[in-house]
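Asker: Mind looking over this structure? Questions follow.
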Protein chains: 2
Amino acid sequence: MASSFALLADPTRRRLLDELRMGEQPVGKLAQQLNMNQPAISKQLRVLREAGLASVRVDAQQRIYRLNPDGLREIDDWLAPYREFWEGRLDAMERTLELMED
Amino acid sequence: MASSFALLADPTRRRLLDELRMGEQPVGKLAQQLNMNQPAISKQLRVLREAGLASVRVDAQQRIYRLNPDGLREIDDWLAPYREFWEGRLDAMERTLELMED
DNA sequence: CAGTTATATGCTTGTCAAGGCATATAAAAT
DNA sequence: ATTTTATATGCCTTGACAAGCATATAACTG
């Protein structure tokens, strides 16, 4: 999985991230929350793990997954220039016009 | 294509959006910039158009595409709670601690 | 009208990925 | 040691989708 953009394409992974945002959780509980069978969840958790968006901690038989949100910065950064289109659009425009008047 | 997350999964579409961010452009020029053949570009532009991320203007034989960034807000909104993990993490933590002390 | 330019669409193929099911692995409990 | 609990992995089927090529559409040009 090259870029983290592809990671967010799958709704299951987005829901997993949203769930992990609430705090670390074992696989079984995540499967329960998302109402999906365990192997499906394990596979998606692996994808998130290998992409660096989640990390695991072992507790007896349980594997407790934890959010690692740093990888999402790539997306946030890509989005930044677009954000200006709906935030402070006028400010940016005014600044541009001022520069042009010089 | 249900959500705009899936739209960004494809690098060609991301590059198209980046290109359109510079200003409206006809199909041919976009194909040239991305160094891809025209049908491929037309298809991806259609996807962007139907998702509401781009709009077209007719000029003689040319179809001039224009960015419509509002659809990206869905992604930005989803990303917002994660952004706090790397922006102002301490501030949020401090506020939480203050509340807990009451 | 014939020809040319710009773009869209149809068809086909290759690729990849998600989830279901069965099974392997590993630790805990009895 | 056997059984139970928790998770991972392998195999398989199915669906989606991107791009190449050929072709259709539509507007401009001479």
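Asker: Which one is farthest from A:L30 (Cα to Cα) among residues in the range A:52-69 that are more than 8 Å from DNA strand D (Cβ to nearest atom) and polar (S, T, N, Q)?
Answerer: Here the answer is A:N68.
Asker: Here's another thing I want to ask about it. Can you give me the ranges of the helices (runs of 4 or more DSSP H) entirely in chain B with at least 1 residues that are within 14 Å of chain A (Cβ to nearest Cβ), at pLDDT 95 or above and crowded, with 17+ Cβ neighbours inside 10 Å? Before you say what the answer is, go through the steps one by one.
Answerer: Numbers: elements: B:4-7, B:11-21, B:27-34, B:38-50, B:73-86, B:89-101.
Output list reads B:4-7, B:11-21, B:38-50, B:73-86.
Asker: For the range B:61-89, enumerate the residues that are more than 12 Å from A:R73 (Cα to Cα), without any contact (Cβ under 8 Å) to a residue 12 or more places away in the chain and of a type in the set (G, A, S).
Answerer: B:G88
Asker: Show the residue pairs meeting these rules: Cβ distance below 8 Å; 6+ apart or different chains; first residue within the range A:8-25 and β-branched (V, I, T); second residue surrounded by fewer than 17 Cβ atoms within 10 Å (Cβ to Cβ).
Answerer: These pairs meet every condition: A:T12/A:M36; A:T12/A:A40.
Asker: Could you tell me how many of the residues in the range B:32-51 are near DNA strand D (Cβ under 7 Å from one of its atoms) and of a type in the set (K, R)? I'd like the intermediate steps shown before the answer.
Answerer: Let us first name the residues in the range B:32-51 that are near DNA strand D (Cβ under 7 Å from one of its atoms), namely B:36-37, B:39-40, B:43-44, B:47.
Now drop any that are not of a type in the set (K, R), which leaves B:43.
Number satisfying all stated conditions: 1.
The values are calculated or read from the model by the stated rules, or taken from the named source; none is laboratory data. Quick caveat: nothing in here was measured; it's all calculated off a predicted structure. When we count neighbours, we look across all protein chains shown, and the Cβ atoms used for this are built from the backbone with ideal geometry, even at glycine.
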